[in-house]
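In what follows, a structure is listed as structure tokens, so that the remarks can point back to it.
Please treat every number below as a calculation from the coordinates, not as lab data. Values in this document were obtained by computation on a predicted structure and should not be read as measured data. In this analysis, Cβ positions are derived from the backbone assuming ideal geometry, glycine residues included, and neighbour counts consider all displayed protein chains.
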Amino acid sequence: MIYLHELLDVQPGMIDEYTDAAANHLVAGWNRYVKTVGFFKNAFRHREGFALWELGEEAVSVDSLGGFTFKDLDGMAWQRLALKYRQDWYDSWIESVPFCPTVEMIKKRQKKGDFTGNALYYWEQTKVLPGKMDEFLKSMQRELVPMEEKRGMKLAGCYRWYGACGQSGEITSLWAVKDLAHWGKMRDERLKDPAFQKWAEKAIAWRRESSYKFWIPAYWSLLH
Amino acid sequence: MLYLHETLTIVPWTEDEFWHVMGTDYVPQVEKQGLRLVGLFKVGIRYSENIALWEVDDWATLDRIREFHDKDPWMKTWKLESIRYRTDWVARVLEPASYSPTLAKINKGDYKSTFYLHCQARVFPGKVSEYINAIKKELVPIAKSWGMQLVGCYQVAAGEADSDEVFSIWTAGDMIAGWGAIRDAARKDPALKRWEAKAGAWRNEVIYKFLLGLVSFSPLRMKEEFLQAVKLMKAK
């Protein structure tokens, strides 16, 4: 499945207004082309937003976005309106890895209590070493995800670069976190867990470095 | 104990006014929520950058502060009004090393300095604990002999950050001559070469910044006589 991953540089002080504007003027028209996965503001930076949209299985789903941008009246109106709120954005098309939940799966799991009522989503971008991607992903699926989910963090998405902006070996993952107290507790447990330490040591052979962000879901975001 | 490390982008020529309203408005409000100011600094020398360091008791307090930032009407107004002074801020949550002085210790001790050296190290995966222990065992004593005192040592635990970052902050002299003396002593000391050689096994690079302790209500700040001298210079 292909997704659109957008990091948005919002005008200072306008992130909440931008979130409302997207709810009122973007989503209805945009959802004719894509499915909403999540819309967030950065918990530790006051002017950054993040949007994640599900496009479809085939590359043609990416092409169809041009219809919204260049022909659709809702799309054209939104772009003019959005100029007021955002200065810049950085977009990537990313594709899901085999163990990544889709929008349909997220909705099903929400009925069981996952991906709902979370104050935060933890986003990590890892740079995997050349030639080590398969090993890394296999180990992530078999070892890391079960370990983290047992501790309480739920994997909401895991993707690799498909097109547009990106870097080689980039893996982006998104995890549901109840709140910072929950994060602190999990972090302590993780540091004390010999299985995690063993995995982290092993992972040195596969990945160089990572960067992370914490996102607050918008009231209308599917992931919340 | 946890620390919040904020990098602020300041609107040119508004810094003094920003510090004033921080001291009169923002600091008293957030202190009620459990966010205690450790230091507010001008980055030397960068025209538009400030760094603020805050102490909090625990993760639950950070949740409360996040709620306050997001929902409190006073804070909503402050966020909009403060755009006049700052256009961006980026924050990290830091976990202190066991030997890192707390705010209570800083307030009781002699940590006043015009310059602080802010070191941001990118440590190799799996080496954070070793590196932090080595700072205590090896770097703190030799830095003390050059005239530097450790103000804080932390690893990143959350926020907007890269993996395996370690921060340390040190006093670095009351005048540039003081920093020059520290640097001379360090360069002549064979212990520095030994440390650098060893530290290469834990981290590849360190990014340095000077923090200027110019803010009168900041617990970490320059000595009173220097603050008065700066005040007089600005008044002229």
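Summary table below
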item	result
Shielding of B:120-127 by partner chains, average beta-carbon count, 10 Å	2
Sequence of A:Ile171, B:Ile176, B:Ile106 once ranked by neighbouring C-beta atoms within 10 Å, starting from the fewest	B:Ile176, B:Ile106, A:Ile171
Burial ordering of B:Arg187, A:Arg207, fewest other beta-carbon atoms within 10 Å first	B:Arg187, A:Arg207
Å³ per residue enclosed by the Cα convex hull of region A:92-139	123
10 °C / 1.306 mPa s Stokes-Einstein diffusion coefficient of chain B, Kirkwood radius on C-alpha pairs, µm²/s	85
For A:His25, B:His69, order by how many other beta-carbon atoms lie within 10 Å, fewest first	A:His25, B:His69
Taking region B:23-163 and dividing mean pair separation by its residue count, relative contact order in percent (alpha carbons under 8 Å, at least six apart)	24
B:Glu205-A:Gln197 FRET efficiency (beta carbon distance; Förster radius 25 Å; 0.05 resolution)	0.50
Geometric extent, Cα atoms of region A:1-102 - Rg, Dmax (angstrom)	13.6, 38
Gyration tensor verdict on region B:137-227 (Cα atoms; rounded if a/c is under 1.5, prolate if a/b is larger than b/c, oblate otherwise)	oblate
0 to 90° range, to nearest 10: angle between helix A:180-192 axis and chain A longest Cα axis	30
At 0.890 mPa s and 25 °C, Stokes D of region B:1-95 from Kirkwood alpha-carbon radius, µm² per second	179
Within 10 Å of each Cβ in A:174-183, the average number of Cβ atoms from other chains	4
Peptide ranges B:208-215, A:129-136 listed from the most packed, as the mean C-beta count within 10 angstrom indicates	B:208-215, A:129-136
Zero-based 10 Å bins, Cα pair distances in chain A, whole percents	8, 32, 37, 18, 5, 0
Rg [Å, one decimal], Dmax [Å, integer] - the protein assembly as shown, C-alpha atoms	23.6, 71
Folded to 0 to 90 degrees: helix A:194-203 orientation relative to chain A principal axis, Cα	70
log₁₀ of I(q)/I(0) at q = 0.30, 0.31 Å⁻¹ - region B:83-139, Debye sum with one point per alpha carbon	-1.29, -1.30
Cα convex hull of region B:175-235 - mean projected area over all directions, nm²	6.0
Percent RCO, i.e. relative contact order, over chain A, from Cα pairs under 8 Å lying at least 6 residues apart	28
Two-site FRET efficiency, B:Trp74 against B:Thr102, from Cβ-Cβ distance with R₀ of 22 Å, rounded to 0.05	0.20
Region B:1-98 - percent relative contact order, Cα under 8 Å, separation 6 or more	49
Helix A:73-82 axis, angle to chain A major axis (alpha carbon atoms, nearest 10°)	70
Residue mean of other protein chain beta carbons inside 10 Å, B:150-160	3
Peptides ranked, highest mean first, by Cβ atoms within 10 Å: ranges B:155-161, B:94-100	B:155-161, B:94-100
Overall form of region B:2-52 per C-alpha gyration tensor (a/c, 1.5; a/b vs b/c)	oblate
Percent of C-alpha pairs per 5 Å bin, region A:114-224, short to long	2, 11, 20, 24, 21, 13, 7, 1, 0
Rg and Dmax [Cα atoms of region A:117-165; Å; Rg one decimal, Dmax integer]	12.7, 38
Radius 13 Å from Cβ of B:Val30, net charge of other residues (Lys, Arg +1; Asp, Glu -1)	-1
